[in-house]
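Take a look at the structure below.
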Amino acid sequence: MPSSRVRARARVDGTVQGVGFRPFVYRLAGELELAGWVRNDERGVEVEVEGAKNAVGDFLARLPAEAPPLARVERVHSQPLPVQGESRFVIAPSVRTGQADALVAPDAATCADCLAELRDPRDRRFRYPFVNCTNCGPRFTIVRGVPYDRPLTTMTGFEMCAMCRAEYEDPGDRRFHAQPNACPLCGPHARLLGPGAEVAVSALSRPGAVDAPDALGSAARLLAQGAILAVKGLGGYHLACLAKDESAVGTLRARKRREDRPFALMVADLVAARRLAFVDEEEAALLTEPARPIVLLPRRAGAPVAHSVAPGARELGLMLPYTPLHHILLADLSALGVSALVMTSGNVSDEPIAYEDEDALDRLGGIADAFLVHDRPIHMRTDDSVIRVARIGERGRPLPLRRSRGYVPGGLRLPVPTARPLLACGAELKSTFCVARGERAWVSHHIGDLGNWETLRSFREGIAHFEELFAVAPEVIAHDLHPDYLSTAYAVDREREMADSGVELAGRPRGELPHGPEIELPDGPEIELVGVQHHHAHLAAVLAEHGETGPAVGAIYDGSGYGTDGTVWGGELLVGGLAGFERAGHLRPIGMPGGDRAVRQPWRMACAWVAEATEDPLPAIPPALTAHVDPDRWAAVARIARTAAAAPITTSVGRLCDAVAALCGLRHEVTYEGQAAIELEAVADPEERGAYAIPYTGDGPTGGQFDPRAAITAAIADLTAGASVATVSARFHNGLAAATTSACVQVAADAGLSLVVLAGGVFQNRLLLEGVAAGLADAGLRVLTPERLPPNDGAISYGQAAIAAARMSVDAR
């Protein structure tokens, strides 16, 4: 007997716009002979279906199970409706009747079907650099608003031709409602400008204009001849040159003013990647996933890559092409015998990536010999994401170092929903921000270091865009406790602006920073500033991304963070959860001679630690530093190391790593943040099993202490006796890992806990992370490490949001 006829409405939440979800629903309804409709709205996708009872049940079950590859279905809510007697299924026009709540998809690499068209001489999109469909192409970087429809993207200026319109309106076509759909007749075009060409910015923005003949082929020939090109991609401009050409790479470094930081490389495919580096199964999966991040991989001996691409590093940062333009360019270069390109951010050192054409031509004109441009506007700049794989337990796990293109604006859940919409302003370096509403949080793309005006402007513009895109009107603004962070200043200024516009403050004078752990929850739409301790935010970020609230033991190691006692923290053992924490231990405090100058000149920290370890107020200069440091300067720094005014107190593990790197002669000065520690990890002998003792002793007034003085003297003794730098580095890392493991086991036992979190920028160090995680697992403890957000300050904003939400929940009880 046939099933009775029923009707149901389904609300589909998640990333379901711009990913081919409506055509998938249309085809599924047709297969099951169901009537009804599907449409986008400000919240996601809404569906009504009518038909046989068992067919409607199958439909609802298959919605999440068989969703398109770029869709992320979080939940499906359904309810029965009266039967209406409809006979066909349609895709209804999009509507917006309320607050926006739809999730915008990240940009996705070109899919296999589009690549086949790109390479087929018989196809009308052969060698068309902007081929895309519902399974791939630009999303976040072109979106101006929701729902995700063409008029709310930067494609609005390109009117589809008859053939593209037919694809767009055909439910059986994979380009059905693909908003960036275009072809050579009606879509964006690429042009090659230069070398020596007169550049008119207006020439870059004429939809439908004819290409310069074979712009990409000409660009490939220029690169093969040693030129440096600015290449406009998805989220901004890259600077490109031949990876094997030492002269070209050196010229790029000089013009870009980037002395040592490694450059990323782009290669055509996995085969080309494996010629340059060792690639295992997990790393291959990351290289080929739709996000197409840069993946750090062990370099092969003899790889045809210029030394100056990654000086002082054992790894190469490789990525595969993720746009049709990149695919064409790499294919043309392959035909010319070129296998790899340097593909680094299009900026001068410390500036944000250029993404607007006029700005790019201005800022990159002194760096690039020519420009490969196109006329599809970029609405939101995004750098490439960077990931390495860490061996935690039985499998390799992603360890993000920079979360940006391909992952943003993917949302994260908050373990404790926020009672009021909030903005978290993050930190100062590796800046991100986070907006949150209910149980959803959206962490921004990598912004950079806020000390640069252009970067600060990007920070402000990004916040405005996210607040509009995700309909977050913040009533709570979380910030770091550091009073001099520009992100903190932004929080205070933002509160002041809201107050001046008539929004009430929460029971305190305007502009006053709350540094206490508690926040008030007054009634009404008042604005609340919430100060969050830096290392607590690191702990909370890892807990929250794993859906945990704590309590846990946290080993939080980084370069610096403002402590609740006004000193510079950075080697902390915390016990706590989202709502609060206690400091259980830390690295032995020491003076940081010259303050921030000690960050740029690691020999200063070496001097401070040698003086501390030898108890000699004027210690001898270690042999590795005698050629780099004037004896009088060394003596002066040794004297001020114990002077609070000139040597602020720090417990930073990052600065300890800097000191050891300087003692080894690796870096007496650095050109980028973290360089000395990165190079110390890179030289460590993986076969060395020796370890320097770093005891963790007792409970002092501020908790237990790690004491590395014996490790410092042992390292000096080994180096003096002729031990290799590789051996000394390995023994230091092994000792620090063993000390951290032992201390965490002790603190966990004292607190009655079995969960440990490892976070902070120092845990970008895979050698240390893997060593500590393995030791804790062997001790029977459960370990959480960053997997979706970086261990560095890129996760601070999310941690701030999780803490503010949790405190609101506690105070509301």
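The values are calculated or read from the model by the stated rules, or taken from the named source; none is laboratory data. Being a predicted model, the structure only gives us computed values, none of them experimental. All Cβ positions, even for glycine, are placed from backbone atoms using ideal geometry, and neighbour counts span all protein chains on display. Ligands, DNA and RNA are stripped out before the accessible areas are found, and what is left, the full protein with its side chains, is counted by its heavy atoms. Shrake-Rupley method; radii C 1.70, N 1.55, O 1.52, S 1.80 Å.
When GLY554 is tested against (1) within 30 Å of CYS744 (Cα to Cα); (2) outside any loop (DSSP other than H, G, I, E, B); (3) at pLDDT below 95; (4) not β-branched (Val, Ile, Thr), exactly one condition is not met: (3).
Of the residues making up region 658-668, just one is of a type outside the set (A, V, I, L, M), within 18 Å of GLY761 (Cβ to Cβ) and either open to solvent by 10 Å² or more (accessible area, probe 1.4 Å) or in contact with a Phe, Trp or Tyr (Cβ under 7 Å, 6 or more places away or on another chain) (or both), namely ARG667.
For region 722-731, filtering for residues that are among the small types (Gly, Ala, Ser) and part of a helix (DSSP H, G or I) leaves 3.
Under the condition of being hydrophobic (A, V, I, L, M, F, W, C) and in a helix (DSSP H, G or I), which residue from region 155-169 is nearest to ASN132 (Cα to Cα)? Top of the filtered list is CYS164. VAL745 meets the conditions (1) of a type in the set (Val, Ile, Thr); (2) modelled with pLDDT of 95 or more; (3) closer than 30 Å to ASP260 by Cβ; (4) open to solvent by 50 Å² or more (accessible area, probe 1.4 Å) in every case but one. The failed one is (3). Close Cβ contacts (under 9 Å, 6 or more residues apart or on different chains) running from residues in region 532-560 that are under 15 Å from LEU781 (Cβ atoms) and touching a residue at least 24 places away in the same chain (Cβ under 8 Å) to residues that are part of a loop (DSSP other than H, G, I, E, B) and basic (Lys, Arg) comprise HIS546/ARG788. Every condition in (1) within 21 Å of the chain's Cα centre (by Cα); (2) assigned to a strand (DSSP E or B) holds for VAL408 except the one numbered (2).
Restricting GLU46, GLU50, GLU33 to residues that are open to solvent by 60 Å² or more (accessible area, probe 1.4 Å) and not in a helix (DSSP H, G or I) narrows the list to GLU33. The residues on offer are GLY771, GLY760, GLY780, and the sole one that is open to solvent by less than 10 Å² (accessible area, probe 1.4 Å) and not β-branched (Val, Ile, Thr) is GLY760. Any residue at all in region 236-259 that's part of a loop (DSSP other than H, G, I, E, B), at pLDDT 95 or above, in contact with a Lys or Arg (Cβ under 6 Å, 6 or more places away or on another chain) and not β-branched (Val, Ile, Thr)? The answer is yes; a qualifying residue exists. Would you check if ASP173 is modelled with pLDDT under 90, in a loop (DSSP other than H, G, I, E, B), of a type outside the set (A, V, I, L, M, F, W, C) and in contact with a His (Cβ under 7 Å, 6 or more places away or on another chain)? No; evaluated as a whole, the condition is false for this residue.
Can you find, within region 591-602, the residue that is farthest from the chain's Cα centre (by Cα) among those that are assigned to a helix (DSSP H, G or I) and surrounded by fewer than 24 Cβ atoms within 10 Å (Cβ to Cβ)? For region 591-602, the residue satisfying everything is ARG597.
Quick grid of which residues meet (1) open to solvent by 40 Å² or more (accessible area, probe 1.4 Å); (2) modelled with pLDDT under 90; (3) of a type in the set (D, E, K, R):
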| site | (1), (2), (3) |
| --- | --- |
| ARG604 | no, no, yes |
| CYS607 | no, no, no |
| GLU612 | no, no, yes |
| PRO617 | yes, yes, no |
| ALA620 | yes, no, no |
| PRO623 | yes, no, no |
| THR626 | yes, no, no |
| PRO631 | yes, no, no |
| THR643 | yes, yes, no |
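Screening VAL25 against (1) crowded, with 22+ Cβ neighbours inside 10 Å; (2) touching a Pro at 6+ places or on another chain (Cβ under 7 Å); (3) not basic (Lys, Arg) leaves a single unmet condition, (2). Looking at ARG766, is it surrounded by fewer than 19 Cβ atoms within 10 Å (Cβ to Cβ), within 17 Å of GLY654 (Cα to Cα) and basic (Lys, Arg)? Yes.
None of ASP449, ASP493 is open to solvent by 10 Å² or more (accessible area, probe 1.4 Å), over 16 Å from the mean Cα position of the chain (by Cα), modelled with pLDDT under 95 and not aliphatic (A, V, I, L, M) except ASP493. Summed over region 416-430, residues that are under 22 Å from PRO551 (Cα atoms), open to solvent by less than 40 Å² (accessible area, probe 1.4 Å) and not aliphatic (A, V, I, L, M) total 1. Of all residues in region 31-40, exactly one satisfies the criterion of being among the charged types (D, E, K, R) and in contact with a Gly (Cβ under 8 Å, 6 or more places away or on another chain), namely GLU33. Going by the structure shown, is LEU401 open to solvent by 10 Å² or more (accessible area, probe 1.4 Å), out of contact with any Cys (no Cβ under 9 Å at 6 or more places or on another chain) and modelled with pLDDT of 95 or more? Yes: the conditions hold for LEU401.
Return the residues of region 441-499 that are over 30 Å from ASP107 (Cα atoms) and of a type in the set (Phe, Trp, Tyr); say none if nothing qualifies. Hit for region 441-499 is TYR485, nothing else.
Residues that are open to solvent by less than 30 Å² (accessible area, probe 1.4 Å) and assigned to a loop (DSSP other than H, G, I, E, B) were ranked within region 293-316; the one that is modelled with the lowest pLDDT is PRO311.
Selection of region 692-740 for residues being touching a Lys or Arg at 6+ places or on another chain (Cβ under 9 Å) and of a type in the set (Ser, Thr, Tyr) yields TYR692, THR702. Annotation: of all residues in region 330-351 being small (Gly, Ala, Ser) and closer than 16 Å to GLY236 by Cβ, the one that is least open to solvent (accessible area, probe 1.4 Å) is GLY346. The residue that is farthest from GLU679 (Cα to Cα), among those in region 317-341 that are outside any helix (DSSP H, G or I) and more than 18 Å from the chain's Cα centre (by Cα), is LEU336. Between a residue in region 212-236 that is among the hydroxyl-bearing types (Ser, Thr, Tyr) and any residue that is surrounded by fewer than 24 Cβ atoms within 10 Å (Cβ to Cβ), which pairs come within a Cβ distance under 6 Å, given they are 6 or more apart or on different chains? Pairs that qualify, where the first residue is among the hydroxyl-bearing types (Ser, Thr, Tyr) and the partner is surrounded by fewer than 24 Cβ atoms within 10 Å (Cβ to Cβ), are SER218/LEU192.
Looking across region 105-163, the residues that are surrounded by 24 or more Cβ atoms within 10 Å (Cβ to Cβ) and of a type in the set (D, E, K, R) come down to ASP107, ARG139.
Note on region 115-150: residues that are in a strand (DSSP E or B) and under 23 Å from the mean Cα position of the chain (by Cα) total 3. At pLDDT below 95 and within 19 Å of SER754 (Cβ to Cβ), is that true of GLY576? No. Can you tell me which residue in region 670-721 is surrounded by the fewest Cβ atoms within 10 Å (Cβ to Cβ), limited to those that are among the polar types (S, T, N, Q) and assigned to a strand (DSSP E or B)? Only one residue tops the list, namely THR697.
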